[in-house]
Amino acid sequence: MLKISLKNIFFLLLFALPNTILSFGILFIINKVISGDKNYEEPYLIWGFLTVVVFTYLLNIVFQKKLNQYSFHILYENEKDIFKKILKTKLVTLEKYGTKRFYTVIEDLRVFAVLPLIVTHTVNSLLMLLLCMVYMFVISIYAGLSVLFMVALVAGIYFVVMNTMNQKVAVLRKFNENYYSYVDDVIKGFKNLKINSLLSNNLLSKHLIPNRDEARELDYKINYVFLSINLISQYGLYIVIGAILFILPGLNLLPKEDIISYVVILLFMTGPINSLVNMQSSYSRFAVANKRIKMFLNDFSEEHEIEEKFHAVTTGFENLVFKNISFQYTNSQKEDSFALRNINMTINKGEVIFIIGGNGSGKSTFINILTGLYDRKDGEILLDGKPIKSKNEIMKQIAPVFTDNYVFSNNYDDYELKNNEKYKSLLKLMQMEKVVKDDNEESARRSFSKGQSKRMSLIFALLEERPIIVLDEWAADQDPHFRKFFYEVLIPKFKKEGKTIIAVTHDDAYFNQADRIIKFDYGQIATDVKINSDFNAIMV
């Protein structure tokens with residue numbers, strides 16, 4: 001839930017209370033002087049009036065400072081909590097709901113950043129209205145009842161119209177969420193869109209342009225209603241003033257000598273009334289944002305990873321055994337779809353294992369289970385003959401480079417690149433020394449080609465000093481020369497250094513570099529063969 005402390009809100013309201021009372025005091029003095037009250041004609045009263053004004057101003061400055069501090073505290077603390085929640089979320093949950101929800105919930109949090117300000121201003125405005133109404137009743141009970149009825153009638157019309165807008169605001173929010181998905185498609189699929197004009201035209205004509213046209217029309221209507229409803233409060237006020245000037249005195253409900261006092265009070269009430277009117281659009285957006293944040297928190301709280309300690313570098317392992325491992329995908333309708341069934345295999349220290357199979361055979365699912373990204377549904381995993389108690393026991397053994405690898409914009413690891421001799425030697429080994437010409441972080445994290453990006457990811461993986469290297473289609477984006485170099489030089493070198501290599505690959509020309517080749521098909525291991533020195537397959 002959002003970190004909005006009711007205790008802090010309460011203290012802010014207590015802090016604002018004296019400011020409201022002093023503001024009413026200013027109104028009271030002005031009214032008394034205008035009405036000709038002889039008790040308020042003394043010359044020294046000007047100093048009392050100025051003192052109240054200055055003191056109210058200073059109090060308001062302090063109050064606004066505290067209010068802004070708390071508002072920004074809410075915003076940034078909740079942003080940090082959203083990031084923590086995302087990082088604790090299981091991969092299957094993130095894949096299920098997508099990343100767009102993350103961007104939109106940040107926007108929703110930005111809406112709530114002004115909540116303390118809106119709440120306190122609402123209470124201040126209501127309190128000021130209450131004091132003004134009490135003042136009216138003191139002057140004339142019947143006139144006060146009449147004005148109260150007219151103000152309530154105008155407010156009732158306003159709130160009825162405003163409540164009809166909440167649903168429209170939610171629809172507009174959905175349009176904008178879809179819009180972000182189109183933006184994502186344009187950025188990530190730019191090359192395909194440039195090559196295939198049909199895709200580009202359909203994206204524009206059938207999706208993005210209709211989305212923007214409908215959103216524009218709806219946004220216009222919503223804002224038009226908001227503007228129109230604001231005019232209700234303005235012109236409704238004129239009607240109430242007209243009633244005070246012409247109707248109430250004629251009905252003997254308001255003495256003529258009190259007309260000026262009533263008008264002054266009503267004009268003083270316009271500030272709080274306009275504040276309440278203007279804040280209604282904020283409350284409508286709060287309602288929509290709150291609903292969406294609750295949905296986000298509910299969806300991304302379905303399955304949370306158990307928080308575990310930092311994955312410290314391990315000293316190594318001897319073998320990793322999978323016994324009857326199964327995994328089941330569940331779609332958005334909670335129906336079972338693709339499954340990984342009865343996986344039995346052993347990974348020994350220092351082995352080079354190639355994982356092969358067609359699309360949808362289960363290779364990537366197995367890699368996600370191996371690396372701890374997916375939780376197995378059934379079966380047992382043994383590390384050096386002992387059942388693992390936590391995925392962390394495996395995860396701290398592995399340094400992966402996935403097929404959709406990503407070079408982080410910053411160094412989040414413990415090692416430093418500056419003056420790191422191993423890093424420099426790895427740059428030369430990966431033939432990247434002419435591309436990355438120094439050991440600065442900025443040089444290592446700039447834009448690279450896909451093949452170069454995977455080389456940098458492998459360098460970072462090797463710097464982690466973990467015993468198992470998992471490579472998912474790593475060589476697919478390398479040029480023929482470096483691909484040959486990878487299989488015939490790098491893999492033997494890593495094996496000699498004691499690394500265990502598990503690589504998803506389709507490069508059958510280099511199968512002789514593996515110790516074993518495991519083929520997946522329809523979510524099961526179809527074959528598990530050992531390769532001898534003459535490249536002859538021996539069934540395991």
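The values are calculated or read from the model by the stated rules, or taken from the named source; none is laboratory data. Just so it is clear, the model here is predicted, and its values are computed rather than measured. Because the Cβ atoms are built from the backbone with ideal geometry, glycine has one as well, and the counts that use them run over all protein chains shown. When the accessible area is computed, the model is the full protein with side chains, heavy atoms only, and any ligands, DNA or RNA have been set aside. Shrake-Rupley method; radii C 1.70, N 1.55, O 1.52, S 1.80 Å.
Before moving on, here are some points about what is shown:
- Whole-Å distance, taken between Cα centres, linking segment 204-242 and segment 254-301: 17
- A convex hull fitted around the alpha carbon atoms of the chain yields 213 Å³ per residue.
- Set the Cα radius of gyration of segment 313-448 against 2.2 N^0.38 Å, with N its number of residues, and you get 1.31.
- Segment 379-527, Cα convex hull volume normalised per residue, Å³: 142
- Folded to 0 to 90 degrees: helix 115-139 orientation relative to the chain principal axis, Cα: 10
- Listed by chain and number, the lysines whose alpha-carbon sits under 16 Å from that of Lys168, ignoring those within fewer than 8 places in the same chain, are Lys221, Lys291.
- Extension reserve of the Asn410-His481 stretch, reckoned as 0.36 nm per residue once the Cα distance is removed: 22.5 nm
- Per-selection Rg to Rh, segment 434-520 - Cα, Kirkwood hydrodynamic radius: 0.97
- Rounded to the nearest 20 debye, dipole of the chain from Cβ charges on Lys, Arg, Asp, Glu: 220
- For the set Arg216, Arg516, Arg110, the ranking by accessible area, highest first and with no ligand, DNA or RNA atoms included, is Arg216, Arg110, Arg516 under a 1.4 Å probe.
- Its relative contact order, with pairs defined as Cα atoms under 8 Å and 6+ residues apart, puts segment 155-242 at 47 percent.
- Of Lys90/Lys422; Lys484/Lys530; Lys80/Lys174; Lys377/Lys519; Lys396/Lys422; Lys174/Lys206, pairs whose Cα-Cα distance is over 27 Å: Lys90/Lys422
- Exposure ranking of Lys188, Lys499 by accessible area [1.4 Å probe, largest first]: Lys188, Lys499
- Cβ-based net charge around Lys386, under 13 Å, with every Lys or Arg adding one and every Asp or Glu removing one: -2
- Cβ crowding within 10 Å averaged over residues, with 344-352, 361-369, 385-393 ranked highest first: 361-369, 344-352, 385-393
- For segment 153-185 and segment 411-489, distance of Cα centres in Å: 48
- For the pair Lys291 and Tyr142, a Förster radius of 56 Å applied to the C-beta separation gives a FRET efficiency near 0.80, rounded to the nearest 0.05.
- Its relative contact order, with pairs defined as Cα atoms under 8 Å and 6+ residues apart, puts the chain at 15 percent.
- Gln64-Ile34 FRET efficiency (beta carbon distance; Förster radius 41 Å; 0.05 resolution): 0.90
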